[in-house]
Amino acid sequence: MWRATLKSLLARKVRLLLTAIAVVLGVGFVAGTYVLTDTLNAAFDTLFATSTAAVDVQVQGVSAFDAQQGGPGGGGGSEREPVPESVVTSVQGVAGVAQVVGNVQGYAQIVDPATGDAVSPAGAPTIGSSWTPVAGLTVVQGHEPRNGGEVAVDAGTAAAHDLAVGQTITVLLQGPPRDFAISGIVRIGDTDSLLGATLTVFDLGTAQQVMDRAGVYDYLSVVADDGVSAVSLRDRVTGVLPKGFQAVTGADAAQEAADQVSEGLGFLKTFLLVFALVSLFVGSFIIFNTFNIIVTQRVRELGLLRALGATRRQILVSVVAESFVTGALASAVGIGAGIGIAIGLQWLLKSVGVELPSTATKILPRTVIVSLVLGTVVTVAAAIFPARRAARVAPIEAMRESGGVPPSSLRRRALSGGIVSAMGVGLLGAGLFGKPSNAAAVVGAGAAVTFLGVAILSPLFARPLAAWIGAPFRGGALPGRLGRENAMRNPRRTASTASALMIGLGLVTFVAVAGASLKSSASAALDRVIRSDFIVSTTSFSPFGPQVVADLAADPSFGAVSAIRQGQAKVGGSTAFLAGTDPATIGQVVHLEFRSGALDALRTPGTVLIYQGVADSKDLAIGDQISIEFSRTGAQTFSVGGVYTDNSILNDYAISVADYQRNFSQQLDSIAFATIAPGVSTHEAAGAIERITAAYPNIKVQNQAEFKATQANAIDSFLALVTVLLLMAIVIALFGIVNTLRLSIYERIREIGLLRAVGMSRLQVRRMIRVESVIIAILGALLGVAVGIAFGIAMQRALVGVGVTELAIPVRQLLLYVLVAALAGVVAAILPARRAAKLDVLQAISYE
């Protein structure tokens, strides 16, 4: 049997190759995700280890939790209590301390002298830092900054913007912008920049001045005397530190920084793996279909094996072994493809200015094992049912002129599909009406299960749908009629092929409906909330210095100016984003509706306003006490002063700017609003705001319509990324159509030969195959669009509590999807149609 299995594999190389493509693409996506994130993690581990190699001990404030680096603060600074200068004196007196260096980090943004625009790296922070000889910085040109008029910049930014030593540049800071002469170009470890982030380095005194750190430091770097271990020195330094501060070894500090980056990359890995698993899920339908057709074609062969003494178990093991070998080989190729995908992604990131720290590509054993196991298991699992059908072939089948594998019972299919669909609908109902804390996740799980249920049930209505879709060909030429009948003849095969496309296009439709609803809801919310004439933000959605708002507020052209700051905290053990705002002015620029309480409650220190969705889920009301944990100051008790009904401007929690200043180190504005003063024309106000913001090239001023368009474009960009990632699943589905048609040609060789013998031309044969392909593609597209719309509506209802209040269905976009699917069906039929048209008539008639 093993020899027969091997010969069967070698005899069907082309057929199984098309099946393997689905596994290769899915596994390549998985492997590429692991390789990319593992390489990034290794690069940052090396970078942070290099930057602290000369540091034995680091002294810093105790952090209640690690805030996301480069998050709301935008400057890459630490959210810890600053270290006062008095601690430096205490640490210097510890036996074994050779050197103590204070370090400062915060927000600083370079203005490109050639264009006058602020340098805004996509998603990366704009970091300002003090110069220290033990920070892992290397001067490659010029010298380190030595006075208040000098600055050093990272080599990546210098190369990208043609900056040179001696050149004068403007740097945007928390206070007014300042001009500095470039004293030197520096590298960070072995790389020119840190993932595209900009770095400006000042002398210590200047850094403290421009980053609001007078008399304090963000952390201290301590170097030990010769012969003193880092662990021993850490313990000695700990003994002289006041409460709220800690000493860690340089290695531990590097690991802590690397762990923070790893946590952020973990989200990226999970995000990409979701799409990789979707691709494998779609590929499983193609594997199932391929083995189903192959088993049907091998009826006589399998019957002969049974007649010669092979048991049902041996037949079952034989087919499963074929799937195992196919899956294992395809997974191995997929791992190689994944390495190429990861290298390509690194090159792509570098081409857009995101330079990664230098390191070799990392292929961990976990990547190889997970990829091999996942690809093989998916392939074998998809082949189990075809293998069971093969085992049911009776010896008598070998003696028939034509026969078939006993078909699976439609009654059992209807029962199993109904049960799975009911489970999916039950999860959807629980997410929509059960009010769970993670409604979106429950609805998403329900959608996945329902997809599977619909795929199981699809053969029940594939025949009538194929007849309806192919109705235009019913009264036409013979090739069109035959193509329609071919699609109707085997509803199981047609439905299985269409199901792969259904899932891919269903997810794309789901994203389109959810995205349209999100955009519509955001636009409606902004119409309700914004009262201001101007909205002030940055070109890259990053925070900006509070001096901008101070300058606007001082100008008589504006009646009210108010800003919102945003920071991370923990509430109930979960990370949340808090808004910090001024209760005296925010109500004049935005309209906030309250279910209970009022905005003025924020005038009382220690008060928090909460969104009604949070109040309902946590059963909170006015006067209740809640604990909010800040990275810098730890757990603080706040009293609920109001419950608002719309969180489109504020987050789920809002505190006063005074409380924000007490609990956060970084003091940067995320967005600001301004109204025109009475008696001032719009033209005059626009001129005033343009004059004031001219000194801040990173600032973007918009009216309400422009701001709404910007928000919509941001949503569109994210949706475009998700859609592109889902296209992998659709590509795999199209390979499935190619594979099914190609295999069905083997099944219908005598039929095609007879058609050619009675006068059908090669052109007519190709048209017949194309019509069948188009019907299958449109069937999958229509099912996908219908299911995707249903899930999009369900998700919108589940997200009403977080502000997605409007349902929008992009009809034109969905019709375009169906049209593109039909065209894709034509493309998918090209190779199978050419194969069918080239069949030799005499050989086809005699084929057995």
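The values are calculated or read from the model by the stated rules, or taken from the named source; none is laboratory data. Quick caveat, the model's predicted, so the values are computed rather than measured. All Cβ positions, glycine included, derive from the backbone under ideal geometry; neighbour counts span all protein chains shown. The protein model used for the area step is the full one, side chains on, heavy atoms only, and it has no ligands, DNA or RNA in it. Shrake-Rupley method; radii C 1.70, N 1.55, O 1.52, S 1.80 Å.
Against the definition (surrounded by 18 or more Cβ atoms within 10 Å (Cβ to Cβ) and at pLDDT below 85), how does F65 come out, yes or no?
Criteria not met by F65.
Just one of (1) assigned to a loop (DSSP other than H, G, I, E, B); (2) at pLDDT 90 or above trips up A53, so point out which.
The single condition A53 does not satisfy is (2).
Part of a loop (DSSP other than H, G, I, E, B), of a type outside the set (A, V, I, L, M) and touching a Ser or Thr at 6+ places or on another chain (Cβ under 9 Å) - does that describe any residue in region 561-582?
Yes, some residue in region 561-582 is part of a loop (DSSP other than H, G, I, E, B), of a type outside the set (A, V, I, L, M) and touching a Ser or Thr at 6+ places or on another chain (Cβ under 9 Å).
So, in region 169-183, exactly how many residues are part of a strand (DSSP E or B) and of a type in the set (S, T, N, Q)?
2
Can you tell me which of A257, A158 is small (G, A, S), open to solvent by less than 60 Å² (accessible area, probe 1.4 Å) and touching a helix residue (DSSP H, G or I) at 6+ places or on another chain (Cβ under 6 Å)?
None of the other options fit; the residue is A257.
How many of the residues making up region 629-658 are closer than 12 Å to V571 by Cα, out of contact with any Leu (no Cβ under 7 Å at 6 or more places or on another chain) and not in a loop (DSSP other than H, G, I, E, B)?
The qualifying residues number 7.
Hey, can you tell me all the residues within region 102-118 that are surrounded by 23 or more Cβ atoms within 10 Å (Cβ to Cβ) and assigned to a loop (DSSP other than H, G, I, E, B)?
Answer for region 102-118, where residues must be surrounded by 23 or more Cβ atoms within 10 Å (Cβ to Cβ) and assigned to a loop (DSSP other than H, G, I, E, B): V104, A108.
Within the group G687, G679, G736, which residue is of a type in the set (G, A, S) and on the phi > 0 side of the Ramachandran plot?
That would be G679, the only listed residue that is of a type in the set (G, A, S) and on the phi > 0 side of the Ramachandran plot.
Hey, can you tell me all the residues within region 810-838 that are open to solvent by less than 90 Å² (accessible area, probe 1.4 Å), within 20 Å of I737 (Cβ to Cβ) and not in a helix (DSSP H, G or I)?
A829
Give region 142-168 a look and list any residue that's in a strand (DSSP E or B) and either under 15 Å from L199 (Cα atoms) or of a type in the set (G, A, S) (or both), or say none.
Selection gives G142, E150, V151, A152, V153, D154.
Please determine whether any residue of region 211-224 is in a helix (DSSP H, G or I) and either surrounded by 22 or more Cβ atoms within 10 Å (Cβ to Cβ) or at negative phi (or both).
No: zero hits.
Assess whether L807 counts as being in a loop (DSSP other than H, G, I, E, B) and more than 23 Å from the chain's Cα centre (by Cα).
Judged against the criteria, L807 is a match.
When you check G687 against the structure, is it in a helix (DSSP H, G or I) and loosely packed, with under 15 Cβ neighbours inside 10 Å, yes or no?
So G687 fits the description; yes.
If a residue has to be open to solvent by 60 Å² or more (accessible area, probe 1.4 Å) and either closer than 27 Å to Q174 by Cα or in a loop (DSSP other than H, G, I, E, B) (or both) to count, how many in region 592-616 make the cut?
Residues that pass the stated criteria total 4.
Note down all Cβ pairs under 6 Å where the first residue falls in region 258-274 and is part of a helix (DSSP H, G or I), the second is β-branched (V, I, T) and open to solvent by less than 50 Å² (accessible area, probe 1.4 Å), and they're at least six residues apart or on different chains.
L265/T37; K269/T33; K269/T37; L272/T33; L273/T33
Can you find a residue that is among the polar types (S, T, N, Q) and at pLDDT below 90 anywhere in region 578-596?
No, region 578-596 contains no residue that is among the polar types (S, T, N, Q) and at pLDDT below 90.
If you check S665, S631, S670, which single one turns out to be closer than 20 Å to S532 by Cα, under 32 Å from the mean Cα position of the chain (by Cα), surrounded by 17 or more Cβ atoms within 10 Å (Cβ to Cβ) and in contact (Cβ under 8 Å) with a residue 60 or more places away in the chain?
The match here is S670.
Among the residues of region 312-331, what is the count of those that are in contact with a Leu (Cβ under 7 Å, 6 or more places away or on another chain) and closer than 30 Å to T33 by Cβ?
Qualifying residue count for the region: 5.
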